[in-house]
Each structure stands twice: as C-alpha cells, then as structure tokens.
Amino acid sequence: MNKFRRITLATLAGGIAAGVGFKAFAQGRRHGHGPIDAADLDKHLDRMLKHLYVEIDATEAQKQQLEPIVKQAAKDLLPMRESLHAGRREAIALLSQERIDPAALEALRAKQIGLADEASRRLTRAIAEAAEVLTPAQRKELAAHFARRAGRWHG
C-alpha cells in the first residue's frame, strides 16, 4: 500500500474514532445502536442530571439553569451522531470496493472531521454555559468526579 493510501486510511479511521466519543451524549437504552427515541433520550438525560445534581449539591436555581443547557446540547448533537454513523457505513462501503477511490476516502475524511469539529464546538459551548452556572467548588467536585470515572473507563 502506498504512503498516500496509508495516510488517508489512518486519517479516516481517526476521524471516525473521534466521532465515536460523541455517541455517549446521545445514548439511550440501546447503548448507541440505531436511532434514539426522544422520550428515551429525555429519560436518560433526566437520570444523568439527577446524579449530577447530587454529585455537585446543586441548588434548585442551578437545576433550572442546567437542565435546558444539557438537553439542548444533546438534541443538537443527536443529528451529528447519526451523520457520524452514516459516515462509518460509507467508509465500510468504500473500503469494500474492488478498487479504492482515494478521492472518495479523502472527501469522507474531510466530512467526518468537519462533523467531529462541529460536535466538539457544540459540546464545548455547553460545557462553558454549564460552568457559568456552577460555583468554583462545584466545578472542582465535578472535575474530581470525572477523573474518578475516567480511571474506571481506562484504568
């Protein structure tokens, strides 16, 4: 395989892998497989927020502010999740062809990176909005909570 194809495939795989992380925002009971029902998404988000509120000892005012931030971000990210899944299917189709089309792979890579960038921006905006609602002590507690969870995911 020539150098161009290796770089293209590695970049495409990296773009697809980057998108996989965004599915966590939209997981319902189906654990990221298939379309997500709006009611399932709301139930999942309500459960997640309930745990978050306990973890940071949120006030009622904070709960009222955080819920729309989180729910709107999840709803905004949901179509991106579906597009990333479609890109994965497209990549499989492209790589299954008799002859690999480098231009098609590059176009898909660029599209997937664009989606990942758009999702990252939306997620960053939601995090910044939520951070404005929390006190510095709550942000530190939340960061410690995520650090403990990261150890279970990767440790």
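The values are calculated or read from the model by the stated rules, or taken from the named source; none is laboratory data. On a predicted model such as this, the values are computed, not experimentally measured, just so you know. FYI the Cβ positions are ideal-geometry reconstructions off the backbone, even for glycines, and counts take in every protein chain you see. Heads up: the accessible areas ignore ligands, DNA and RNA and are worked out on the full protein's heavy atoms, side chains in. Shrake-Rupley method; radii C 1.70, N 1.55, O 1.52, S 1.80 Å.
Some observations on this one:
- Within the range 89-102, being assigned to a helix (DSSP H, G or I) and either in contact with a Lys or Arg (Cβ under 8 Å, 6 or more places away or on another chain) or open to solvent by less than 70 Å² (accessible area, probe 1.4 Å) (or both) holds for A91, A93, L94, P102.
- Scanning the range 105-118 for residues being of a type outside the set (D, E, K, R) and surrounded by fewer than 20 Cβ atoms within 10 Å (Cβ to Cβ) gives a total of 4.
- Every residue from the range 114-138 that is free of Cβ contacts under 8 Å to residues at least 12 places away in the same chain and closer than 15 Å to V70 by Cβ: T124, I127, A128, A131, E132
- On inspection, G155 qualifies as open to solvent by 70 Å² or more (accessible area, probe 1.4 Å) and at pLDDT below 95.
- Condition broken by A26, with the remaining ones in (1) over 28 Å from I100 (Cα atoms); (2) open to solvent by less than 70 Å² (accessible area, probe 1.4 Å); (3) modelled with pLDDT of 50 or more satisfied: (3)
- Scanning the range 119-149 for residues that are over 25 Å from R81 (Cα atoms), surrounded by 13 or more Cβ atoms within 10 Å (Cβ to Cβ) and of a type in the set (D, E) gives a single hit, E141.
- Inspection of the range 16-23 finds no residue satisfying the criterion of being outside any helix (DSSP H, G or I), closer than 24 Å to A131 by Cβ and at pLDDT below 95.
- Checking A74 against (1) open to solvent by less than 70 Å² (accessible area, probe 1.4 Å); (2) over 17 Å from A128 (Cα atoms); (3) at pLDDT below 95, the condition it does not meet: (2)
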